[in-house]
Amino acid sequence: MSLLAPFRCLVALAALGSVAAGGPQLSGCSRRGTDAPPTAAPDRGTPAAPPSVADAVAPAPDLPGVSSAEAVAGDAPGTPPAAPGSPPGSAADPAGAPAAAPEIAFPEPGTGRFGRSSVPEAASPDQIVLNELHLMWLALDVLETKGWNGAWGDPLPLSAGDIDPAELRRMIADEERKDRELTIPAEREELFVGEAARAEVQAEILAARVEYVAFLRERGVRAEYLDELDRVLPGDPQRMIYLADNDPQARPTATEPLVVVEATQEQDYSRLTLKVHGVDLWNGSDMCREARLLGPAPADPAALRAWHRDCRDFGLRQTVYHELTHALQRAYVNLHLAPEDRDARASWSDAGKALYTLEQACFWRWGGHDAIAAVANHAMADERQADGVSFQVLVRACGLSEAQARATWSRWFDRLSDARDLLLRIRDRFDRQWPDYPADDFGGALFEAFEGDGGARRMALKLGALPAYVGYLQPLRPEESEPFWQALREP
Ligand SMILES: [Zn+2]
């Protein structure tokens with residue numbers, strides 16, 4: 001894992017693994033860096049890959065909206081609807097079962113701890129540049145010039161020296177800057193690090209889970225899925241854990257299979273554990289501050305501390321809601337499997353139904369290799385849904401006003417719209433010029449080709465999580481989410 005450590009997101013879903021020999025596996029994740037997403041993965045051939053399957057890695061950035069080319073026509077992410085649609089009536093659902101009434105009342109928009117009727121004018125956020133995607137594009141330019149035949153499995157006919165040296169230096173320096181910015185500064189460490197912070201944040205994580213479940217109830221999610229969610233990732237501090245660390249090199253925040261036997265590291269893929277790292281919360285809180293979602297920074301020291309704490313707990317909610325959505329995806333799969341198959345790593349592929357299939361409009365061909373495409377598209381869909389659902393819960397559970405909802409979408413997702421456009425151009429370029437090459441394998445091949453250049457290699461490694469990027473860069477927009485919720489209202 002050490003090579004992967006710098007990346008943000010991890011993988012979590014056990015479920016995805018092993019379809020094809022050596023197939024990729026990804027899932028889970030968090031977004032450590034505003035800019036820096038991702039990470040990772042390994043697999044098929046990347047030496048750097050983590051040894052264990054369970055650790056596949058996936059990254060996580062933040063990303064923008066917009067759907068795939070086919071899905072939504074050309075749309076720019078634009079503004080999200082102010083609030084998630086109204087729930088389909090809490091009463092009985094024909095198919096059965098919304099459970100008890102929510103145990104908490106959500107604040108009216110613009111009220112409560114996080115609600116504000118307006119947001120101070122903040123400069124529009126700069127677009128986030130994902131250096132690894134830019135590097136990928138430059139490498140494809142070189143390969144095109146060299147007449148590369150796109151043969152999958154052969155070494156790429158290029159080296160880091162073929163990339164414009166000034167561009168490469170600039171990108172590597174930018175990656176180093178992102179790493180530095182992830183570290184929690186000393187003057188704010190007390191809110192994130194140490195026992196007092198740990199206890200406080202731990203309580204917030206569990207509170208966020210209660211909010212998430214109340215939101216699911218409000219959307220009419222069947223009781224059986226909620227019950228299974230309690231099994232997959234219960235609101236237990238031993239299962240949803242805050243580590244109170246300040247280490248940009250820590251493994252990314254993620255949901256991972258539950259270790260059932262410490263000695264042998266035996267894992268149960270049908271149940272998850274969430275481990276949240278301080279730098280990931282710092283990153284989320286930073287987006288909240290920059291967007292001035294909770295107003296400008298107050299001058300009074302006590303008020304300033306409270307403002308930082310609220311920003312921490314707002315960013316925390318985005319992370320926790322995202323990760324809980326991975327647990328919900330897993331719960332859904334569990335209930336559509338024979339009980340004896342539930343803890344099998346690849347069991348999702350045997351499930352009678354799975355939520356990822358709802359995102360077919362965003363699926364890629366991945367070189368036309370079915371087994372690879374199945375895994376990659378699953379990883380994509382998991383992240384697309386997790387980010388999109390996290391936004392809906394934030395708006396509702398935190399009582400965001402329309403202005404805050406717009407600012408949140410803009411800061412977390414729209415900033416990656418340029419990166420999304422580049423990513424889709426990369427997809428089209430593979431389909432047109434090298435149609436048999438699975439683009440998710442390109443990062444591993446680049447990693448090999450860049451031997452001797454650590455900075456370039458590190459970016460190449462991130463491209464192993466390309467399928468997850470496709471999801472992060474195209475989060476499920478509220479107006480596209482009805483099929484997702486409808487599926488959860490049906491057996
Ligand atoms: Zn994720």
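Computed from the coordinates by the stated procedures, all read-outs in this text should not be read as laboratory data. Only a predicted model underlies this, so the values are computations on that prediction, with no experimental measurement involved. Cβ coordinates were reconstructed from backbone atoms using ideal geometry, including for glycine residues, and neighbour counts include every protein chain displayed.
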**Order of THR408, THR273 under a 10 Å beta carbon neighbour criterion, fewest first** = THR273, THR408
**Request:** Evaluate the distance, in nm, between pseudo-label points positioned 7 Å from the Cα of ARG170 and of ASP141 along their respective Cα→Cβ axes.
**Result:** 1.0 nm
**Asked** Counting pairs of Cα atoms in the range 332-374, how many percent are more than 11 Å apart?
**Response** 67 percent
**Asked** Roughly how big is the range 306-393's charge dipole about its Cα centre, with Cβ charges of +1 (Lys, Arg) and -1 (Asp, Glu), in debye to the nearest 20?
**Response** 180 debye
**Message:** Run the numbers for GLU490 and GLN127: contour at 0.36 nm per residue of separation, minus the present Cα-Cα distance, in nm.
**Reply:** 126.8 nm
**Asked** Full extension from ARG177 to GLU451: what is 0.36 nm times the residue separation minus their Cα-Cα distance, to one decimal in nm?
**Response** 96.4 nm
**Message:** Modelling each spin label as a point 7 Å along the Cα-to-Cβ direction, I'd like the ALA338/GLU482 distance in nm, to one decimal.
**Reply:** 3.7 nm
**Request:** Would you mind checking which residues have amide H under 5 Å from THR273's amide H? H placed 1.01 Å from N; only 5 or more apart, or other chain.
**Result:** GLU256, LEU258
**Message:** Rounded to whole Å, give me the distance from the Cα center of the range 312-353 to that of the range 449-491.
**Reply:** 16 Å
**Prompt:** Once fully extended, how much extra length lies between THR264 and ALA186, figured as 0.36 nm per residue of separation less the alpha-carbon to alpha-carbon distance?
**Reply:** 24.2 nm
**Asked** How big is the shadow of the Cα convex hull of the range 376-452, averaged over all directions, in nm²?
**Response** 7.3 nm²
**Prompt:** Among MET380, MET171, which comes first, then next, by fewest other beta-carbon atoms within 10 Å?
**Reply:** MET171, MET380
**Request:** Just rank ARG345, ARG188, fewest to most, by other beta-carbon atoms within 10 angstrom.
**Result:** ARG188, ARG345
**Request:** Can you pull the one-decimal nm distance between simple spin-label points at GLU290 and ASP227, each 7 Å off the Cα toward Cβ?
**Result:** 4.5 nm
